[in-house]
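Here's the structure, in C-alpha cells; my notes come after.
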Amino acid sequence: MKPDIELAGGAYVGRWTTGLCRFVLIAASSAALLAGCTFSLPGPDESQAAKPPAMPTTTPNAYFDSSGRDDVLSGGVRMIPIDTPKGKFRVWTKRIGNNPRIKVLLLHGGPAATHEIFEAFDSYFPGEGIEYYYYDQLGSTYSDQPKEPSLWEIDRFVDEVEQVRQALKLDKQNFYLYGQSWGGLLGIEYALKHQDHLKGLIVSNMMSSIPAYNEYAKTVLMPQMDPAVLKEVLAIEAKGDYANPRYEELLIPNFYTKHFLRMPPEQWPEPVMRGFSHLNKDIYVPMQGPSEMGASGKLVNWNRSAQLKDIRVPTLVIGARYDTMDPAHMEWMSKQFPHGRYLYCPEGSHLALYDDQETYMAGLIGFLKDVDGGKF
C-alpha cells in the first residue's frame, strides 16, 4: 500500500507496504523492515558457510564502457513501451554496467512498490562485474500509472516482464530474473511460462503459496505477539479501521521491527524509507488486501507449490529466520526445483537484503558466479 506521508503537528506520518505486507511509519523515529541470512545448499549438508564472491568476470574498463549503447545520454535509463489490453504505456528501467554473461533484472515487491530498495546492490554488484537492471513495474512511481483496475492481474504483469526482456535484449545466455516478495511470486509465474529465456531465477523472501503464508501468519507469527496487543490489533481489523493511528502504533514495535526490518526505526536505510513512501496503494490493496496480518486480495488463493518441479533452470530461494514468510517452507521450495539452492538468513527478516546484507550478498553473488561458471 502506498504511504500517505504528511507532516502533522510537527510529526512525520507515513504509511507503506512491501511484498505482501503494509508498513507504516509514525513520528520522527519511523519504523524498520528487512533481515539477515546465511548460505546453504539443499540436501544432507545444509549448513555451509557463505562463500566469498568470486572475482569479477569483466574488467573495470569493460564494465563501465557504454559505447554502442543507446542509453548513454540518460545514464542507462530507458522508458520501455508496453502493450496492454488498455493501450500502450511506458515502464522505467535503468541499466548499470556491462557483462555479456550475467544480466540481472530486478523485480520489486508490493505489488506496486518501486525499485528503490534495491539501491543496496550498488555497493556490491559493480565490484563483481554484474550487469543489472532497475525496473519499476507498470503502476509504480517511475513508470506510467494508468487508472485501469483490469490491468492489475498476474498474467498481465508476466506479459509485461516478457516485453521488458525483449526490449532489453536479454536471453538464456545471460538473463537472470531476481524477485523479492511479490517480485518473487512474479518471477515464479514468469519462469513457468518463459523459462526458455532464463539462465537463472532468484526467489527472495516469498513462499510458493499464499494460503500457506496466511496459515503461517495465523499459527506462528500472531501467537508470538503479546496477547493483549494481538487482541487490540485484530479488533481494529475487524472494524476495518486501518487508518486508525493506534493500529500503526501497535504494529511498529510488535510486528514491523521484528519481521520486516530488524533495525531501530531511526536506522532504516534511506532507500527503504524513500522507496516505500512511493508505494501505490491503489494497486497494492486490491491485490494484497488491507490487513497487516495476512493476504486477502486477488492473490489470496495463489499457489504454485505443485508446479515448482516444472522450473528447470538453476534457482536460488532466499529465506530468513524472522521473515513474515515461513523459512522452512522456502527451504522446502528449494528442494522442489530440479536445480535449486537455499540461502538461509539466520538473523534476517523480510528485507534480509539490508539487515543481514553481507551474508545475503555473498550467497546471491555466489549463486550467479556458480551458474555462470558451470559449477551449479
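The values are calculated or read from the model by the stated rules, or taken from the named source; none is laboratory data. Since the model is a prediction, treat every value here as computed from it, not as a measurement. Quick reminder, even Gly has a Cβ in these numbers, built from the backbone with ideal geometry, and neighbours come from all protein chains shown. The protein model used for the area step is the full one, side chains on, heavy atoms only, and it has no ligands, DNA or RNA in it. Shrake-Rupley method; radii C 1.70, N 1.55, O 1.52, S 1.80 Å.
Restricting the stretch 333-360 to residues that are surrounded by fewer than 24 Cβ atoms within 10 Å (Cβ to Cβ), of a type in the set (D, E, K, R) and out of contact with any helix residue (DSSP H, G or I) (no Cβ under 8 Å at 6 or more places or on another chain) leaves a set whose member that is farthest from Val313 (Cα to Cα) is Glu358.
Out of the stretch 144-168, which residues are open to solvent by less than 10 Å² (accessible area, probe 1.4 Å) and under 18 Å from the mean Cα position of the chain (by Cα)? Hits for the stretch 144-168 are Phe157, Val158, Glu160, Val161, Val164. Restricting Gly289, Gly294 to residues that are without any contact (Cβ under 8 Å) to a residue 24 or more places away in the chain and open to solvent by less than 10 Å² (accessible area, probe 1.4 Å) narrows the list to Gly289.
Which ones in the stretch 361-376 are of a type outside the set (Val, Ile, Thr) and either in contact with a helix residue (DSSP H, G or I) (Cβ under 7 Å, 6 or more places away or on another chain) or not in a helix (DSSP H, G or I) (or both)? Show your work before the answer.
Step one: of the stretch 361-376, the residues of a type outside the set (Val, Ile, Thr) are 361-364, 366-370, 372-376.
Residues satisfying the conditions are Gly373, Gly374, Lys375, Phe376.
Taking each residue of the stretch 136-160 that is more than 15 Å from Pro286 (Cα to Cα) and looking for partners that are open to solvent by 70 Å² or more (accessible area, probe 1.4 Å) and assigned to a helix (DSSP H, G or I) with beta-carbon atoms closer than 8 Å, six or more apart or interchain, yields Val158/Lys193. Going by the conditions given, is Asp70 charged (D, E, K, R), open to solvent by 30 Å² or more (accessible area, probe 1.4 Å) and either in a strand (DSSP E or B) or within 30 Å of Asp310 (Cα to Cα) (or both)? For Asp70, the condition - charged (D, E, K, R), open to solvent by 30 Å² or more (accessible area, probe 1.4 Å) and either in a strand (DSSP E or B) or within 30 Å of Asp310 (Cα to Cα) (or both) - is not met. Any residue at all in the stretch 64-83 that is among the aromatic types (Phe, Trp, Tyr) and either out of contact with any Asp or Glu (no Cβ under 9 Å at 6 or more places or on another chain) or closer than 17 Å to Ile130 by Cα (or both)? Looking for residues that are among the aromatic types (Phe, Trp, Tyr) and either out of contact with any Asp or Glu (no Cβ under 9 Å at 6 or more places or on another chain) or closer than 17 Å to Ile130 by Cα (or both), one finds at least one in the stretch 64-83, hence yes.
For the stretch 208-251, the set of residues classified as in contact with a strand residue (DSSP E or B) (Cβ under 8 Å, 6 or more places away or on another chain), surrounded by 17 or more Cβ atoms within 10 Å (Cβ to Cβ), of a type outside the set (S, T, N, Q) and modelled with pLDDT of 95 or more consists of Ile210 only.
The rows are residues; the columns are (1) in contact (Cβ under 8 Å) with a residue 40 or more places away in the chain; (2) under 23 Å from Pro146 (Cα atoms); (3) open to solvent by less than 30 Å² (accessible area, probe 1.4 Å).
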site	(1), (2), (3)
Arg90	yes, yes, no
Lys103	yes, no, yes
Pro111	yes, yes, yes
Thr114	yes, yes, yes
Asp122	no, no, no
Pro126	yes, no, no
